[in-house]
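What follows is a single structure, written as structure tokens, with notes after it.
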Amino acid sequence: MAEITPASWTALTTLDDQAAAEGLGAALEEQLEPDGVGVFEMEDGSGLWEVGAYFAEAPDETALALLAAAYGARPFAVSEIPPTDWVAHVRRELRPVEAGRFFVYGSHDSDRVPDGRVALLIEAAMAFGTGHHGTTQGCLVAFEALLAAGRAPGPVADIGAGTAVLAMAAAKVWADVPVLASDIDAVAVEVAAANVAENGLSGRIDCVEAAGFDHPALARTAPFDLIFANILKGPLIEFAPDLAAHAARGGHAILSGLLNPQADDVIAAYEAAGFALADRLTLGDWTTLTLLRR
């Protein structure tokens, strides 16, 4: 059955202050009662924050203008989104991704899985983190390089796991080691658990809801021989000391979610926390870092 969303509306603006952006998001939630509100640091290196609201019906543009003015934001851009069959759209757009031995695909491409590859099934309806984005693909390529270099298996953490594709890659090639996938978003954790089951990995990966490493399961399993963190520059820098504290000496961290110009700042933060740069991979606009815990 097609999953067609009805028409909806978005209202988007930007501003250059995080506190003001978060305040505007809260005010939108309280005063206009949208279906959803998002506040995100933009990934273009501009330092701007984007505030977006999503409505089932056309929003009150006068109220939006007053809120934008009150928080020093640019005027909201209001757009109508037509009805869309998103699953069909994603299936048209997403093709299998190959990264070394790994083959990431949707069920609509199940007849295209080559023999001898580590196959990772991610449904089209769960497209975030499928491997098609340069950051996820970069992490898989970096992991392939560690495997090719003879990296011995050990406990794995996938922080900000999304669909858990990276955790599943580790669980499929490293049998009998603990693998944990964590995300701050409860829906993402549910998606991760569903993907784990769909790939026949139930019982191999523990999916938990956590901000960073703030979960008893992560504390019990540390130190980790491999930590994936495919998030954003700000959280990566913030997590550097905590990530170092949970990494085994001689272990590796594979970090991504970074625009190319952001990588040097993250490298500096992790070198200060006790890591050394082992490899740096660029795919398009995105950088993936492999770091060695000294």
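When the charge dipole of the chain is built from unit charges on Cβ atoms (+1 for Lys and Arg, -1 for Asp and Glu) and taken about the Cα centre, the candidate among P82, N260, L226 whose Cα reaches farthest toward its positive end is L226.
Using only side-chain charges placed at the Cβ, +1 for Lys and Arg and -1 for Asp and Glu, the dipole size of the chain relative to its Cα centre rounds to 1540 debye. Rounded if a/c is under 1.5, else prolate if a/b beats b/c, else oblate: with a ≥ b ≥ c from the C-alpha gyration tensor eigenvalues square-rooted, which is the range 170-226? The shape class here is oblate. Remark: the range 144-288 carries 39 Å² of accessible area per residue (probe radius 1.4 Å; ligands, DNA and RNA excluded).
How high is the relative contact order of the chain, in percent, with contacts defined as C-alpha pairs under 8 Å that are six or more residues apart? Contact order relative to length: 14 percent. The figure for D185 is an accessible area of roughly 70 square angstrom, using a 1.4 Å probe on the protein chains alone.
Computed 3J(HN,Hα) for the range 96-104, one whole-Hz value per residue from the Karplus formula 6.51 cos²θ - 1.76 cosθ + 1.60 where θ = phi - 60°, is x, 10, 10, 9, x, 6, 8, 10, 9, glycine and proline marked x. Shape class for the range 111-227, computed from the alpha carbon gyration tensor (a ≥ b ≥ c): oblate, with a/c not under 1.5 and a/b at or below b/c. Share of carbon and sulfur in the accessible area of the chain stands at 52%, probe radius 1.4 Å. Per-residue ellipticity at 222 nm from helix content only, as computed over the chain with -39500 (n - 2.57) for each DSSP H run of at least four residues, stands at -10000 deg cm²/dmol.
Taking a virtual spin label 7 Å from the Cα of D44 along the C-beta vector, which residues in the range 12-28 bring their backbone nitrogen under 15 Å of it? Only 12-16 fall inside the zone, counting backbone N under 15 Å. Above 19 Å, the calculated P(r) of the range 188-294 contains 47 percent of its Cα-Cα pairs. Roughly how tilted is helix 233-245, in degrees to the nearest 10 and between 0 and 90, from the longest Cα axis of the chain? Around 40 degrees separate the two axes. In the context of the full protein assembly, H252 retains an accessible surface of approximately 30 Å², using a probe radius of 1.4 Å and ignoring ligands and nucleic acids.
Computed on protein heavy atoms with a 1.4 Å probe, the accessible areas place I81, I184 in the order I184, I81, largest first. Note on the range 166-294: with charges restricted to the Cβ of Lys and Arg (+1) and Asp and Glu (-1), its dipole about the Cα centre is near 460 debye.
Once each part is reduced to its C-alpha centroid, what is the distance from the range 1-71 to the range 178-196 in angstrom? Taking the Cα centre of the range 178-196 as reference, the centre of the range 1-71 is 26 Å away. The accessible area of L48, taken with all protein chains in place and a 1.4 Å probe, comes to roughly 40 Å². Summing Lys and Arg as +1 and Asp and Glu as -1 over all other residues whose Cβ lies under 11 Å from the Cβ of K172 gives a net charge of +3. Relative to the dominant Cα principal axis of the chain, helix 134-148 is inclined by about 10°. Taking A20, A253, A192 as the candidate residues, the one with maximal mean-square fluctuation in a Gaussian network model of the chain, Cα springs under 10 Å, is A20. Helix 61-70 axis versus longest C-alpha principal axis of the chain: approximately 70°, rounded to the nearest ten.
Using a Gaussian network model of the chain in which every pair of alpha carbons under 10 angstrom is joined by a spring, one finds that among G100, G36, G212 the greatest mean-square fluctuation is at G36.
With contacts taken as Cα pairs under 8 Å and at least 6 residues apart, the range 120-265 reaches a relative contact order of 25 percent. With a Förster radius of 51 Å applied to the beta-carbon distance between R112 and A65, the computed FRET efficiency rounds to 0.55.
The values are calculated or read from the model by the stated rules, or taken from the named source; none is laboratory data. In this text the structure is predicted, and so the values were computed from the model without any measurement. No Cβ is skipped: glycine too gets one built from the backbone with ideal geometry, and neighbour counts run over all protein chains shown. Calculation scope for accessible area: heavy atoms of the full protein, side chains included, ligands and nucleic acids excluded. Shrake-Rupley method; radii C 1.70, N 1.55, O 1.52, S 1.80 Å.
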